[in-house]
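Nothing in this text is a laboratory measurement; each read-out follows from the coordinates by a stated rule. Given the structure is predicted, the values throughout are model-derived calculations rather than measurements. Every residue, glycine among them, receives a Cβ derived from its backbone with ideal geometry; neighbour counts consider all protein chains shown.
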Amino acid sequence: MGNWHLKVKQAQYAKINTKKYNKMLNLPIQPRYILPPLCLILFSTIFAAFDLNYLLEFNRNFVEQGEVWRVFTSQFVHANWAHLGLNCGGIFLIWLLHGEYTTPTRYTTNICLLALWCGLGVYWFCPNIHIYTGLSALLHGVIIWGAVKDVTLGLKSGYLLFIGVWVKIAFEQFSGPNADIGKLINSTVAIDAHLIGAIGGTLLGIPLAITYLKNND
């Protein structure tokens, strides 16, 4: 009986410590915050596991033959597992930084709008790209949107993050694709797609900025 009470107290103590630890880190671990990015990782992993690139990747020839869904679905398939791993790391980082800023509906809306924006942008403005895959362009837009949200909440770090992403984009445009990452993912890094994604995130952030400015007049 004494051992049972001891185990109960230990479990309660562990639960209290876990809550204190999460509160200290301020991690967005509630289901409404953690499930959307987990679902994004899960779907992308399933597409990789079943090797669905042949059906879902952006292939300019196939798109022009009528397989227009590839414009959208190409964002969720990857060149190889390393490519997927890098983008899953990006999803995790964005969750750490801005996970509490979105509802499942807002998260899904941002992802879908940016996926369509990036796919159409690659199709219209990057005629030299014939095959395209990956979440990275889309994620550039998501993190830009989060930076704008930071700013509207009075966080100075939002300015630094916004500027930092755009400095990275500018550096890529001037220096070209990163060869080491290109070898790792067995594909050329689509720096123009990153630019398109960042522009999309900026456009998504405009309503936030307008509301912020109106509220501060």
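The distance between label points at residue 217 and residue 157 comes to 3.2 nm (points 7 Å beyond Cα on the Cα→Cβ vector). Listed by Cβ neighbour count within 10 Å, with the fewest neighbours leading, 102, 133, 109 appear as 109, 102, 133. Going 7 Å from the Cα of residue 109 toward and past its Cβ, which residues in segment 177-202 have a backbone nitrogen under 19 Å from where you end up? In segment 177-202, the label zone of residue 109 (backbone N under 19 Å from the point 7 Å along Cα→Cβ) covers 200-202. Put simply, the convex hull of the Cα atoms in segment 28-215 casts, on average, a shadow of 10.8 nm². Axis angle, to the nearest 10 degrees, between helix 81-98 and the longest C-alpha principal axis of the chain: 50 degrees. Close amide H pairs (under 5 Å, H built 1.01 Å from N) link residue 58 with 74, 132, residues at least 5 positions away or on another chain. Scalar couplings 3J(HN,Hα) for segment 151-157, obtained by applying the Karplus form with A = 6.51, B = -1.76, C = 1.60 to θ = phi - 60°, are 4, 5, 9, x, 8, 5, 4 Hz; x denotes Gly and Pro. Each residue in 196, 206 was given a count of other beta-carbon atoms within 10 angstrom of its own, and listing them fewest first yields 206, 196.
Site pair residue 171 and residue 183 shows an inter-label distance of 1.9 nm when each label is modelled 7 Å from Cα along Cα→Cβ.
Here's the picture: a label point sits 7 Å out from the Cα of residue 130 along the beta-carbon direction, and within segment 165-201 the residues with their amide nitrogen under 15 Å of it are 188. The mean sequence distance of close C-alpha pairs (under 8 Å, at least 6 residues apart), as a share of the length of the chain, puts its relative contact order at 21 percent.
The length gained by stretching the chain between residue 51 and residue 92 to full extension, at 0.36 nm per residue less their Cα-Cα distance, is 12.5 nm. Only lysine pairs 8 or more places apart or on separate chains count here, and in the chain those with Cα atoms under 18 Å apart total 5. For segment 127-137, backbone phi angles converted through the Karplus equation (6.51, -1.76, 1.60; θ = phi - 60°) give residue-by-residue couplings of x, 7, 8, 9, 10, 9, 9, x, 8, 4, 4 Hz, Gly and Pro being listed as x.
Across segment 28-45, computed HN-Hα scalar couplings (Karplus, 6.51 cos²θ - 1.76 cosθ + 1.60, θ = phi - 60°) run x, 9, 5, x, 5, 9, 8, 5, x, x, 5, 5, 4, 5, 4, 4, 5, 5 Hz from first to last residue, x flagging Gly and Pro.
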